[in-house]
Amino acid sequence: MRDKISSSPVLSVVSKILFAPIIIFGLYVQFHGDYGPGGGFQAGVIVAAAFILYSMIFGLSKGETLVPIMINRYLMCVGVLLYAGVGIVSILLDGMYLDYNVLSSDPSTGQHIGIILVELGVGITVATVMIALYHSFASFGEINE
Amino acid sequence: MNFLLINFFLISLLLVTTFFIFKTTSLISVVALTGAFTLLCSAIYVNLDAVDVAFTEAAVGSGISTILMVMAAAKLPEGKKNKLINLFPSIILAVSISLILIIIIANLPLLGDPNAPIHLHVVPEYLKESKDFFHIPNVVTNILASYRGFDTLGETIVIFTAGLGVIALLTSNTLNRKTNFKKNNKKNER
């Protein structure tokens, strides 16, 4: 079950071709969210979709070597802590919690930095949580086999 | 006129999809049809000019959640047909809920009404000042990340907690399960 590798060459070739463009599209959605539709939530889901596609086609254990489970779990926390940390930093810089104005000498640049960091935190958390969800679902019940 | 035509077309497709979700008995096709349903919903959002919502609906609703539902359906035992024993209570429930919803919809402000309460509170201020202040053209991002930063932090923590819960419930931690199993066996022996 765990190492069941897809027998169809079409699937494996197509997923190999698609993997990089999906991630690049995810990064585009992540960092272009200020100018167009998008942002952390959507980008996280798109990046997670690339990794889920990979582990669907090549088997869970290969997906595990690509994104080790423990690193994935640490990254889940890193995203939330990055978001909360931006708030703490703005307190330390004599602002209020999550007040991005103080992050730079120019308030609007500060807002820009804050929004990008916060969206990055959201993106990391969403992507890793989705990968973790997929992994938990896919590996559930394997112990009985 | 075009707007109405497209909306009518999409909503009738939505009704057809719903009908087939009711009709099918196989789990996988229900999952696939639900994916189609959310994709149609995101098309409706695009038609309503809510591109961000449509994007989220397409990525989360018809993308990831369909995959997760397929995974969950694959874990379920096959061959269990959907048996509807007594339709009467569910029909009454569905009709009463739809009646309540129709009454509520009748009291909602019209689509695009400039005097609707939601357009009078803080939205004009946000729309007016956000572009000059942030230099970020996407007002949705400004509201999401800056004006409503606390809410988004809360949402992120909700997602994080959901992930933690699923990991705690479903992850097959071989070592722990074996020790628990032994403990339970010992208890049973006593």
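None of the figures in this text is laboratory data; all of them are computed from the coordinates on show. In this text the structure is predicted, and so the values were computed from the model without any measurement. Counting neighbours? That spans all protein chains shown, and the Cβs are built from the backbone with ideal geometry, glycine included.
If you filter region A:64-106 for chymotrypsin sites (Phe, Trp or Tyr not before Pro), then keep DSSP loop positions with at most 14 other Cβ within 10 Å, what is left?
Details: sites: A:Tyr74, A:Tyr83, A:Tyr97, A:Tyr100; in loops: A:Tyr97.
Within region A:64-106, the qualifying chymotrypsin sites (Phe, Trp or Tyr not before Pro) (loop, at most 14 other Cβ atoms within 10 Å) are A:Tyr97.
When a/c reaches 1.5 or more, the comparison of a/b and b/c decides; with that in mind, is region B:24-138 rounded, prolate or oblate per its Cα gyration tensor? Oblate shape, in that a/c is at least 1.5 and b/c is the bigger or equal ratio. Taking only the C-alpha atoms of region A:9-144, Rg followed by Dmax gives 17.6, 59 Å. The phi torsions of region B:151-158, fed into the Karplus equation with coefficients 6.51, -1.76 and 1.60 and a -60° offset, translate into couplings of 4, 5, 4, x, 4, 4, 5, 4 Hz, rounded to whole numbers, with Gly and Pro shown as x.
Put the Cα centre of region A:98-137 next to the Cα centre of region A:49-78 and the gap is 21 Å.
Computed from phi, the 3J(HN,Hα) profile of region A:74-89 under the Karplus parametrisation 6.51, -1.76, 1.60 (θ = phi - 60°) reads 4, 5, 3, 6, 4, x, 5, 5, 4, 4, 5, x, 4, x, 5, 4 Hz, with x in place of Gly and Pro. The string of couplings for region A:22-36 from the Karplus curve (6.51, -1.76, 1.60, θ = phi - 60°) is 5, 5, 5, 4, x, 5, 4, 5, 4, 9, 9, x, 6, 10, x Hz, one whole number per residue in order, with x for Gly and Pro.
Between B:Asp132 and B:Ala50, the simple label model (points 7 Å from Cα in the Cβ direction) yields a spacing of 3.0 nm. In a reduced charge model with +1 at each Lys and Arg Cβ and -1 at each Asp and Glu Cβ, region A:9-144 shows a dipole moment near 500 debye about its Cα centre. Evaluated over chain B, the count of Lys pairs having alpha-carbon atoms less than 28 Å apart is 10 (only pairs 8 or more residues apart or interchain). Between B:Leu15 and A:Tyr74, the distance separating the two model label sites (each 7 Å from Cα on the Cα→Cβ line) works out to 5.6 nm. Considering helices alone, the calculated mean residue ellipticity of chain B at 222 nm is -23000 deg cm²/dmol, with DSSP H runs of length four and up weighted by -39500 (n - 2.57) and normalised per residue.
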